Amino acid sequence: MPRAKTNLLIQSLRGTSQVFFMENALTGVLFFAAMAYASSISGIWATTIGAALGVIVATLTARLLECDETSVASGLYGFNGVLVGAALPTFIAASPQLWASIVIGAAASTVFTAAFSATLTGKWGIPGSTGPFVLTGWLMVAAAYSFGRLHVTGEAPKLAGDLAQSGIGIPAPTELVAIFFRNIAQVFLLGSAVSGVIILAGILIASVPAGIAAAAGSLVSMVVAIAMGADPSAVSQGLYGFSPVLTAMAVGLIFLTPSPRVAVYAGLATVMTVFVQGALDVMVAPAGIPSFTAPYVLTMYLFIAPKKLMAPHPHGPVADPMIDDQGKIPGKAAGTAR
């Protein structure tokens, strides 16, 4: 069956798997299983339902706009939508207006994905990755403060000085294992270690090297965050680890050709992402918005920009989605780990 004829369900599942750079419908099923498990233990299903709605709307929007069929079939227009759908119910209370916001945000994320491709990817060869999700999420959560029928949940905005924390000791071994898997789960805004196990299994099914890179990113970020005395509660929840996990995969495997030199380079990028996480958390807190995956996005952009010095993987420049360095649509979808 031609990839352009792939049905909506398969495209949506591939879009879900593309959050971790995979193109595998079974991986997408496991990612939804991880979300469903977290919802079952919390009793809150809005995140899982929102993620499903988000990826379907984003994929449908790409089809209606007649975006590159191969990229749509690969799920490259869906992963920002699934993240928007998972994020908005996490920070905005459930209401009819929330579901309308998810539909609007997911559809907009497709347009933003195309815009990022036409600028970052088309001109500089930098993949947009989850940048469209970050932009959409920031705009939608910030806008919720202006609308009386949308209620932003969580703590009130803080001043930067309120975020200073004392040092953290080394957690017990069982807690370290839990943090390791929560780092992975938090990419989907999940606080469950079991969900992290399921997600890592989904990555490994699609690509063993990608699973190893994800595990390395989680381990490095945990060590750095604890060593630097980051907020113990945030470390325990995996909030210092999810962006470094993506950075380790993106820089070490997906967008650059793997080699010992690239591994060291990716290690530096992963460590730096922890510092960027801390910095952006302080910077966005007064605005009352989360950093989302912005620490990964910013670090990845800066470390991928000099890719010609690092022997770029031939699929790297068109990772998300559609335009090569000459501004042409490639004949084959790119940016997925296999």
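Annotations
Yes/no matrix, rows are residues, columns are (1) of a type in the set (Asp, Glu); (2) part of a loop (DSSP other than H, G, I, E, B); (3) closer than 20 Å to residue 23 by Cβ:
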residue	(1), (2), (3)
176	no, no, no
179	no, no, no
182	no, no, no
191	no, yes, no
195	no, no, no
199	no, no, yes
202	no, no, yes
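- Residue in the stretch 123-139 that is more than 28 Å from residue 64 (Cβ to Cβ), among the hydroxyl-bearing types (Ser, Thr, Tyr) and either at pLDDT 90 or above or outside the structural domain of residue 282 (by TED's automatic domain parsing) (or both) present: no
- Scanning the stretch 196-244 for residues that are at negative phi, small (Gly, Ala, Ser) and in contact with a Lys or Arg (Cβ under 8 Å, 6 or more places away or on another chain) yields a count of 5.
One line per residue, one yes/no per condition, for (1) surrounded by 20 or more Cβ atoms within 10 Å (Cβ to Cβ); (2) assigned by TED's automatic domain parsing to the domain that holds residue 51; (3) of a type in the set (S, T, N, Q):
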{"residue": "171", "(1), (2), (3)": "no, no, no"}
{"residue": "184", "(1), (2), (3)": "yes, no, no"}
{"residue": "187", "(1), (2), (3)": "yes, no, no"}
{"residue": "190", "(1), (2), (3)": "yes, no, no"}
{"residue": "200", "(1), (2), (3)": "yes, no, no"}
{"residue": "212", "(1), (2), (3)": "no, no, no"}
{"residue": "217", "(1), (2), (3)": "yes, no, no"}
{"residue": "221", "(1), (2), (3)": "yes, no, yes"}
{"residue": "227", "(1), (2), (3)": "no, no, no"}
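- Meets criteria (modelled with pLDDT under 95 and either surrounded by fewer than 24 Cβ atoms within 10 Å (Cβ to Cβ) or among the hydroxyl-bearing types (Ser, Thr, Tyr) (or both)) for residue 99: no
The values are calculated or read from the model by the stated rules, or taken from the named source; none is laboratory data. Worth saying up front: this structure is predicted, and the values here are computed from it rather than measured. Positions of Cβ are backbone-derived with ideal geometry, glycine not excepted, and every protein chain shown enters the neighbour counts.
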